[in-house]
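A quick write-up on the structure given underneath.
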Protein chains: 2
Amino acid sequence: MNNFEYKNPTKIIFGKDTIGKLAKEIPTDAKVLMLYGGGSIKKNGIYDQVKSALANVNVIEFGGIPANPEYAILMEALTIIKKENITYLLAVGGGSVIDGTKFLSAAALYEGETPWDILKNNIRSTKGMPFGTVLTLPATGSEMNSGSVITRKETKEKLAMGGPGLFPAFSILDPQVITSIPKHQIANGITDAFTHVLEQYMTYPVGGLLQDRFAESILQTLIEVAPKVLKDPTNYEAAANFMWSCTMALNGLIQQGVPGDWAVHMMGHELTALFGIDHARTLAVIAPSHYKYNFEAKKVKLAQYGERVWNITNGSIDDKAYAAIEKTEAFFKELGIETKLSDYTKDYEGTAEEIAKRFTDRGWLGLGEHKSLTPNDAEKIVKMAY
Amino acid sequence: MNNFEYKNPTKIIFGKDTIGKLAKEIPTDAKVLMLYGGGSIKKNGIYDQVKSALANVNVIEFGGIPANPEYAILMEALTIIKKENITYLLAVGGGSVIDGTKFLSAAALYEGETPWDILKNNIRSTKGMPFGTVLTLPATGSEMNSGSVITRKETKEKLAMGGPGLFPAFSILDPQVITSIPKHQIANGITDAFTHVLEQYMTYPVGGLLQDRFAESILQTLIEVAPKVLKDPTNYEAAANFMWSCTMALNGLIQQGVPGDWAVHMMGHELTALFGIDHARTLAVIAPSHYKYNFEAKKVKLAQYGERVWNITNGSIDDKAYAAIEKTEAFFKELGIETKLSDYTKDYEGTAEEIAKRFTDRGWLGLGEHKSLTPNDAEKIVKMAY
C-alpha cells in the first residue's frame, strides 16, 4: 500500500425529503448565487423545494449552465458574483453545474490576471468561496470531492482543476430526484460512476486489499441496481444505492494508497470536446480498448475483477482478464450505451491522430498508472475504439 | 436505506515514516499538551520521533493514561491544561489515550459545574480544544471518529461521550508501529475492529447494499491479514491493511443509513468495569451469545455474512446463520481470544444479575437495533456467555 493523505470535510445529507434541510446549512446573512442548468429543476419540483427552503435568505439565480460547463457562460456568472457581492454559492444540478460552481468558487477569490489561468496552469485552490450543492443527477461524484472539469468551446478544450479549498460545505442527496431523470441520463450516470471506480482500480496490485474490496463493492452494487433503477426509477432502494455508489466512487476514498490511471477519462474528454458525445459514453468507448491495449500491465487486476465482480471462475489469468473486459463492454451495452466511436459519429477518421496531436501540443506528461503511455499509444487506443 | 447525515473532517496521514509530518499539522504558536500511556512509546522509538518533529513547538507532557482511560487521572491532566494555558492536545497512543484526549478536548471548553456531567448526562460536544493523534495501536477507530469511552474506577463505571466537535484535526497512521505491539494486543485490535463492524452490520436488511458490502469488505480483509500480522508484524502489507481496516471499521462510514446494535459493546463494557478484562476480549465473550439469543431477528443478515464472508454455501438460512456464528467464534479462538467469561474469571456467578441491575439503575433505554432488549434479556445473554 502506498502512503497517502486523506481529508474530506463535505457534509452529506442523504435521504428522502432532505432538500428542506438546506435552510440550516446556509448562513442566514449570506448573499447566495443559486446556479442551475437548463431548467429541468423547474419542471420536476426541485426548484420550488429549494426556493421554499431558502425563503428567508437573499438569493440571486443564474440558470443555463450547460452539460460540460462552459467557460464563457461561467464568466457571466462571475461578473454577477462580483457585482452583487455574493458570499455563498449553491449548485442545484448534476456534475456540470457543480463543477461550474467549483470553478466560480475558485475564480471568485482568484487574484491573478485571468481565471483561465486556474485551468490552463492547473492552479490548486486552497481557498474558495463557500458553496453547497443539491444533487439532481447522480454520476460524477462532484458533490463530495474537490475536482472540476471545465470546457471552453472557443478553443475546443476540456481541462481539469481543483484543490483542497473546493470541497462543497454540504451536499444534499435525495434519491427521489432520480424519478424525473431521463433513462439515457441514468445510464450515463451508472457508466460514469462504474468507470470512475475502474480508473482507480484497474492498474496493478500494490497490496491495497481493503481499497480493492471497497472498489469491488461499488462495482457489484452498481451492477446489482442498474437494471432495477433503469426499469423503475421510483424503486427507492435501487435509487438510493445508485446515488450513494456514485458519490463513493469518486470522493477520494478508494484511490488512497493505490495507483490510479485516468487515461480513459483523458482520452474520453477529447471525444466530448471534438464531437460533443456525452461524457459517460466516451468512457464506454475508450475503456475496453484501453484495457485490451494495456492487457499485460493490467491483467492481474483484470482477472481479480473478473473473479470477484463477475464471478468468472474458469480459465487462466489471461482468460479471466479477457472475459472481464468482455463482461464490462456487455454491461455498458445492456445499459443502452454503445462502445465504439463509429456508433456516435461517421466523421471519426483522423480522430486518433488529432487527439495524439493535442496531447503532444499541450505538453505531454504521460498517461497511465506509470505515466508511460505516449501520444502514439493514445492514438492506437483511440483507433481501436473506432 | 435510512436517511443519514455524515461528515468526517479528520485528516488522515497514512504510511511509512509519516510521524515527522506532525510538525506541519500543529500551529507553531500552539502550546501543546502531549498525552500518552504507560511509556511503551519511549521504548519503541515513537516518543523520540514525535519529540523530534515538535522540536520547535512548546510542548508539555502528560504520560500514564491507562487502558480504559480513568477519569481521575484525566482530571489531573485537565488541571495542567488550565494552569499552563494549553491550546492544543496531541494524543500519542492507542484508543485509550485518544479517548482520554477527546474527553479533555471537551472538558477544557466545558462551562458546566463538573466535567463528569459530560459523561453522566452524555452531553454532545459541538466544540472542543483542537487535537491531533499519532496512533500506536490499531483497534478502536478512535483516530477518525468523535466518540470516546471513559472509565471511573471509583464507581466502576464506563460511559460513552462524543460530539461533532471531537473529531481529531489529524491522525498519523504509520503501520510500522505494529512491529513493537505485543501479540495479544494485536489480537485484541483485530477482535475489536471485527466486532465494530458486526455491531453496525448484524441487524436486519434495510437495503443498504453498498454499506453491507463495505462492512463485508472490512471483515474479509481482517480475516485475510489477521494470521499474517500475528505471525509477522513486520509484514508491512498485512500491517497496513490491518491498520486501515481498524480505522474504516469505526469512522462512521459503514453505519450511515443502516441500523446499528451496540448491545455487545454495552454488555462488554460492564465486564471490563467489573473484572478488568481487556475490552476486545469482552466483545468476543458476549458476541456469540448475543447472536444466538437474538437468532430469529438477525438470521437473515447472519446468513448473508456466512455466505459472503465465510463462503458458507450449503444449507438453509438457519443453517448458514448458525454456522456463521460458529465461524466467528472459531476466528476469535484462532487469534488466541477466549470466548467464555469463565475463561477469564472464576468469580463469574452473579455477573449477569449485576449487569442487569446496573442497566436498570442507570435508566434503561433498551438495547439492540430495535431498542427492545430489556435488562432481563441482557441477563440471559450474559449467562449464556459464562
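Some observations on this one:
- Each stretch of four or more DSSP H residues adds -39500 (n - 2.57); spread over every residue of chain B, this sum gives -15500 deg cm²/dmol at 222 nm.
- Among the trypsin sites (Lys or Arg not before Pro) in the range A:198-262, none sits in a DSSP loop with a Cβ that has at most 12 other Cβ atoms within 10 Å.
- FRET efficiency estimate (nearest 0.05) - Cβ-Cβ, residue B:364 to residue B:72, R0 35 angstrom: 0.80
- Between helix B:375-384 and chain B: long-axis angle, C-alpha atoms, 0 to 90°, nearest 10: 80
- Where rotation carries B onto A, the chain B residue whose Cβ is nearest that axis, in whole Å: B:9, 2
- The label-point distance for residue B:318 and residue B:23, in a model that sets each label 7 Å from Cα toward Cβ, rounds to 6.6 nm.
- Prolate/oblate/rounded label for the range B:170-284 (Cα gyration tensor, a/c 1.5): oblate
- DSSP bridge orientation in the protein assembly as shown - percent antiparallel, rounded to nearest 5: 30
- Local net charge near residue A:192, Cβ-Cβ under 14 Å (Lys/Arg +1, Asp/Glu -1): -3
- Relative contact order (%) - the range B:1-72, alpha-carbon pairs under 8 angstrom, separation at least six: 38
- Sequence-distant lysines (8 or more away, or on other chains) whose Cα lies within less than 18 Å of residue A:231: A:183, A:333
- Signed unit charges on C-beta, dipole axis of the range B:183-384, positive-most listed residue B:293, B:323, B:356: B:323
- Among A:101-112, B:279-290, sorting by the average number of other beta carbon atoms lying within 10 angstrom of each residue, highest first, gives B:279-290, A:101-112.
- Whether the range A:221-311 is rounded, prolate or oblate, judged on the alpha carbon gyration tensor where a/c under 1.5 counts as rounded: oblate
- Rounded tilt (10° steps) of A:351-361 against the dominant C-alpha axis of chain A: 70
- Average partner coverage of B:6-18, which counts Cβ from other chains inside 10 Å: 5
- For the protein assembly as shown, the calculated P(r) over all alpha carbon pairs, in 20 Å bins from 0 to the bin holding the longest distance, is 16, 48, 32, 4, 0 percent.
- Relative contact order, whole percent, for chain B stands at 15, derived from Cα pairs under 8 Å and 6 or more residues apart.
- Chain B: antiparallel DSSP beta bridges as a percent of all, rounded to 5: 20
- Prolate/oblate/rounded call for the range A:182-384, Cα gyration tensor, a/c under 1.5 rounded: oblate
- Highest to lowest packing among B:133-141, A:12-20, scored as the average C-beta count within 10 Å: B:133-141, A:12-20
- Relative packing of peptides A:313-324, A:239-250, A:295-306, B:195-206 - highest average C-beta neighbours within 10 Å first: A:239-250, B:195-206, A:295-306, A:313-324
- Set of lysines near residue A:83 by C-alpha distance (under 24 Å), chain-local residues within fewer than 8 positions excluded: A:31, A:51, A:102, A:127
- The alpha-carbon positions of chain B define a convex hull whose volume is 129 Å³ per residue.
- Formal net charge of residues neighbouring residue B:15 (Cβ-Cβ distance under 9 Å; K, R +1; D, E -1): -2
- Taking every residue in B:211-221 and counting other chain Cβ atoms within 10 Å of its Cβ, the average works out to 5.
- Signed unit charges on C-beta, dipole axis of chain B, positive-most listed residue B:55, B:166, B:220: B:55
- Relative exposure of A:232, B:212, judged by other C-beta atoms within 10 Å (fewest first): A:232, B:212
- Inter-copy spacing of residue B:313 label points, which lie 7 Å from Cα along Cα→Cβ, given in nm from shortest upward: 0.3
- Environment charge at residue A:41 (Cβ cut-off 12 Å; Lys +1, Arg +1, Asp -1, Glu -1): +1
- Listed from fewest to most Cβ neighbours within 10 Å, the set B:364, B:310 follows the order B:364, B:310.
- For the range B:1-97, applying the loop criterion from DSSP together with a ceiling of 15 other beta carbons within 10 Å to the GluC sites (Glu not before Pro) yields B:84.
- Site pair residue A:121 and residue B:184 shows an inter-label distance of 6.1 nm when each label is modelled 7 Å from Cα along Cα→Cβ.
- The magnitude of the dipole of the protein assembly as shown, with charges of +1 and -1 set on the Cβ of Lys/Arg and Asp/Glu and taken from the Cα centre, is near 600 debye.
- Here's the list of lysines a cross-link from residue A:299 could span, going by alpha-carbon distance under 17 Å and ignoring same-chain residues fewer than 8 apart: A:320, A:327.
- Volume per residue for the range B:38-134 equals 97 cubic angstrom (convex hull of Cα atoms).
- Residue by residue along B:198-210, Cβ atoms of other protein chains within 10 Å of the local Cβ number 3 on average.
- Folded to 0 to 90 degrees: helix B:209-231 orientation relative to chain B principal axis, Cα: 70
Values in this text are rule-based calculations from the coordinates and carry no lab data. Bear in mind the structure is a predicted one, so any value in this text is a computation, not a measurement. Cβ sites come from the backbone with ideal geometry, for glycine too, and all protein chains shown count toward neighbours.
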